[in-house]
Amino acid sequence: MSNESLIRRMRAQLNRGDSWLTYDLGRLFTSDKLDEEALEEIEMRLLGADAGVEATTWLVDKLRADVLASRVRNEKELRDRLSALIAEWLQPVAQPLEIPDFIRPYILFVVGINGAGKTTTIGKLAARYKAQGRKVMIAAGDTFRAAATDQLKQWAARVDVPIVSQREGADPASVIFDAVTSADSRGADLIIADTAGRLHTQSHLMDELRKIKRVIQKHDPYAPHESLLILDGTLGGNGLAQAVQFHEALGLTGVAVTKLDGTARGGILLALAKRLALPVRYIGIGEGVEDLIPFDADAFARALVDGGIERGGQ
């Protein structure tokens, strides 16, 4: 998919139209000038969308300097500059997941609380990597919630990949270890392992995550090769707190931010980039399989700043 096609898709989905950040930017100008009151308005929009103090201060200070230097004199220049600054801030964490061919099986842990879109994301990931020619297997490690296994079985059938599961209440570490040890016989080179959707404040459940990691490392001391947090983009600052707790418990290697098509609080990406500097692997902008997309900082920034408008025939 071309970058322009990606931008068009993201622009259509993010906030279902005008961006929380740049809605009605033209009215902020007074006599073709962006004054301090307008900068304060942008600052409040950023903070209100949970972009965080650090990102907000940096962005507004940069804009203020551009205004004083007469580099931002109209709405188009403001949109262009905002887009460039947001992309610059996010660029260091825009690292789509690359799975090396020499690690077999590659073990991808998926963690996060119930309701974040974890099960759906696993199904979409399985579809994506199968389409790339990989032999994918799903491990249904959320044994505490029967519906989770049922939903994963539906996804496995839908995308035609094998799934390893056990009875409700079984030891999650056992389920995932079975998947790893049977990877060769099942022809799998990628295992996507679900884990129980757990509240980040429940320390004993975090301990269980650590246990699963220890058990898997008996097979491969470097596993899991990716520990991916699924983060609900609608949660704002609470999502950042989750990320911190999961990172402390497991040592995350990546984040996928979901539900960005239905939130006015997508600034969590900016705050996340500053607080943890974890790679953002994917973002979710809709329900379809194709709506889980590798994170592209430039495309995201342009779609966010352009909102629902069309520019230059794009």
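The values are calculated or read from the model by the stated rules, or taken from the named source; none is laboratory data. Bear in mind the structure is a predicted one, so any value in this text is a computation, not a measurement. Positions of Cβ are generated from backbone atoms using ideal geometry, with glycine treated the same way; all protein chains shown enter the neighbour counts.
Some points to look at:
- Qualifying residue in the stretch 63-76 (condition: closer than 18 Å to E43 by Cα, free of Cβ contacts under 8 Å to residues at least 60 places away in the same chain, among the β-branched types (V, I, T) and assigned to a helix (DSSP H, G or I)): yes
- Note on the stretch 79-189: enclosed helices (runs of 4 or more DSSP H) holding 1 or more residues that are under 20 Å from R281 (Cα atoms) and among the aliphatic types (A, V, I, L, M) are 118-131.
- As a summary of the residue check, L228 satisfies the conditions (1) assigned to a loop (DSSP other than H, G, I, E, B); (2) under 23 Å from the mean Cα position of the chain (by Cα); (3) of a type outside the set (G, A, S) except for the one numbered (1).
- Entry remark, the stretch 244-295: residues being assigned to a helix (DSSP H, G or I) and either assigned by TED's automatic domain parsing to the domain that holds T56 or out of contact with any strand residue (DSSP E or B) (no Cβ under 9 Å at 6 or more places or on another chain) (or both) number 10 in total.
- Listed by first and then second residue, the pairs with beta-carbon distance under 6 Å, at least 6 apart or on different chains, first residue in the stretch 90-104 and touching a residue at least 60 places away in the same chain (Cβ under 8 Å), second assigned to a loop (DSSP other than H, G, I, E, B) and surrounded by 14 or more Cβ atoms within 10 Å (Cβ to Cβ), are V93/P279; A94/F295; Q95/P279; I103/H225; R104/D189.
- Filtered by the rule that a residue be more than 20 Å from L205 (Cβ to Cβ) and not charged (D, E, K, R), the stretch 118-150 gives T120, G123, L125, A126, A127, Y129, A131, Q132, G133, V136, M137, I138.
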